[in-house]
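The structure appears right after this line, and notes come after that.
The values are calculated or read from the model by the stated rules, or taken from the named source; none is laboratory data. Not measured: the values here are computed from a predicted model. As a convention, Cβ positions derive from the backbone with ideal geometry for all residues, glycine included, and neighbour counts pool all protein chains shown. In case anyone asks, the SASA skips ligands and DNA or RNA and just uses the protein heavy atoms, side chains included. Shrake-Rupley method; radii C 1.70, N 1.55, O 1.52, S 1.80 Å.
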Amino acid sequence: MAGPEGQGGRPRARRVTRKMRDLRFDAGAPSLNLLATVGRRGDRPVERLDGTERLAEWLRRMGLPVSAAQVDADLLDRIRALREAMHAVVAAVIDERVPAPDAVAAVNAAAARDAPARRVEVRDGRVQVRWPPDALSGTAAMALLARDLLDRLGDEEWRARLRVCAADDCRMIFVDTSQGRRRQWCSMEYCGNRAKAAKHRARAQED
């Protein structure tokens with residue numbers, strides 16, 4: 001029976017399944033959900049924003065109503081570039097080191113762009129919070145995501161809860177909201193159960 005290693009004793013690369021390509025919305029903040037559009041950062045990265053249709057889906061599910069006409073290849077490239085700059089800044093904060101100047105500049109430039117504010121509307125006797133119609137451009141969406149990150153990084157309590165998934169082939173950044181701040185995995189569904197199963201197999205082989 002084949003073992004867990006490939007040729008030359010190297011660990012086999014995990015197969016890229018549909019689940020690995022799933023968009024993640026459980027990182028704990030809109031800005032971190034953007035970082036989670038790359039899977040398996042600790043192994044062989046999986047690009048989850050692999051086209052404009054995927055980007056449109058992500059924006060829609062994030063509640064960022066960018067018009068379909070603006071969700072093009074250029075916006076996809078710009079959002080991916082902002083994502084990597086934001087990741088570089090957050091990773092540096094977690095590691096307590098200085099982030100690269102170009103990453104800092106990119107995040108600051110995105111955050112400085114104009115973006116509309118949501119407004120209160122009363123419809124059918126109910127108070128709702130909405131974006132002004134057709135007001136959110138791709139650039140504005142990027143500004144809101146960058147500002148979300150900066151606003152949260154300014155909160156020392158929030159920064160202290162930033163974690164990196166303990167799975168070597170995941171490394172997703174998330175906010176630890178557990179009471180004891182001992183959460184290790186991005187989620188039990190994605191990595192926690194897999195790690196527990198791996199430990200169980202290792203113990204069984206030792207017996």
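Here's a check for you: in the stretch 132-145, which residue that is closer than 14 Å to Gly63 by Cα and not hydrophobic (A, V, I, L, M, F, W, C) is surrounded by the most Cβ atoms within 10 Å (Cβ to Cβ)?
Once the filter is applied, the top-ranked residue is Gly138.
Which pairs have Cβ atoms under 9 Å, sit 6 or more apart or on different chains, and link a residue in the stretch 151-168 that is farther than 25 Å from Asp43 by Cα and open to solvent by less than 90 Å² (accessible area, probe 1.4 Å) to one that is in a loop (DSSP other than H, G, I, E, B) and modelled with pLDDT under 95?
Going by the 9 Å Cβ cut-off, the qualifying pairs are Ala160/Arg181.
Please enumerate the residues belonging to the stretch 1-43 that are of a type in the set (D, E, K, R) and at pLDDT 90 or above. Step through it out loud before you land on a result.
To start, the set of residues in the stretch 1-43 that are of a type in the set (D, E, K, R) comprises 5, 10, 12, 14-15, 18-19, 21-22, 24, 26, 40-41, 43.
Of everything in the stretch 1-43, those that are of a type in the set (D, E, K, R) and at pLDDT 90 or above turn out to be Asp22, Arg24, Asp26, Arg40, Arg41.
Taking the residues in the stretch 122-154 that are at negative phi and of a type in the set (Asp, Glu) as candidates, determine which candidate is nearest to the chain's Cα centre (by Cα).
The selected residue is Asp148.
Just give me the residues in the stretch 179-193 being open to solvent by 40 Å² or more (accessible area, probe 1.4 Å) and either at pLDDT 90 or above or over 19 Å from Arg48 (Cα atoms) (or both), in sequence order. Break it down stepwise before answering.
Keep residues of the stretch 179-193 that are open to solvent by 40 Å² or more (accessible area, probe 1.4 Å), which gives 179-185, 188-190, 193.
Gln179, Gly180, Arg181, Arg182, Arg183, Gln184, Trp185, Met188, Asn193 - these are the residues of the stretch 179-193 that are open to solvent by 40 Å² or more (accessible area, probe 1.4 Å) and either at pLDDT 90 or above or over 19 Å from Arg48 (Cα atoms) (or both).
Can Thr52 be described as hydroxyl-bearing (Ser, Thr, Tyr), open to solvent by less than 60 Å² (accessible area, probe 1.4 Å) and under 27 Å from Pro99 (Cα atoms)? Even if it seems obvious, please write down each step before you answer.
Numbers: hydroxyl-bearing (Ser, Thr, Tyr): yes; open to solvent by less than 60 Å² (accessible area, probe 1.4 Å): yes; under 27 Å from Pro99 (Cα atoms): no.
In short, no.
Being in a loop (DSSP other than H, G, I, E, B) and either buried (at least 19 other Cβ atoms within 10 Å of the Cβ) or touching a His at 6+ places or on another chain (Cβ under 6 Å) (or both), is that true of even one residue in the stretch 74-94? I'd like the intermediate steps shown before the answer.
Of the stretch 74-94, the ones in a loop (DSSP other than H, G, I, E, B) are none.
No, the conditions are met nowhere in the stretch 74-94.
Regarding the stretch 110-131, can at least one residue be identified that is open to solvent by less than 40 Å² (accessible area, probe 1.4 Å), within 22 Å of Arg78 (Cβ to Cβ), touching a Pro at 6+ places or on another chain (Cβ under 6 Å) and touching a residue at least 60 places away in the same chain (Cβ under 8 Å)? Working first, answer last.
Within the stretch 110-131, the first condition is being open to solvent by less than 40 Å² (accessible area, probe 1.4 Å), and the residues that meet it are 110-111, 115-116, 121.
Within this subset, residues satisfying the condition of being within 22 Å of Arg78 (Cβ to Cβ) are 110-111, 115-116.
Okay, now just the ones that are also touching a Pro at 6+ places or on another chain (Cβ under 6 Å), so 116.
Still in the running and touching a residue at least 60 places away in the same chain (Cβ under 8 Å): none.
No, the stretch 110-131 has no match at all.
When the residues of the stretch 55-69 are narrowed to those that are at pLDDT 95 or above and in a helix (DSSP H, G or I), which ends up most open to solvent (accessible area, probe 1.4 Å)?
Only one residue fits best here, namely Arg60.
Return the pairs, sorted by first residue and then second, in which the second residue is modelled with pLDDT under 75 and loosely packed, with under 11 Cβ neighbours inside 10 Å, the first residue lies in the stretch 6-30 and is part of a loop (DSSP other than H, G, I, E, B), the beta carbons are less than 9 Å apart, and the residues are 6+ apart or on different chains.
Between residues of the stretch 6-30 that are part of a loop (DSSP other than H, G, I, E, B) and residues that are modelled with pLDDT under 75 and loosely packed, with under 11 Cβ neighbours inside 10 Å, the close pairs are Arg12/Ala2; Arg12/Gly3; Arg12/Pro4; Arg12/Glu5.
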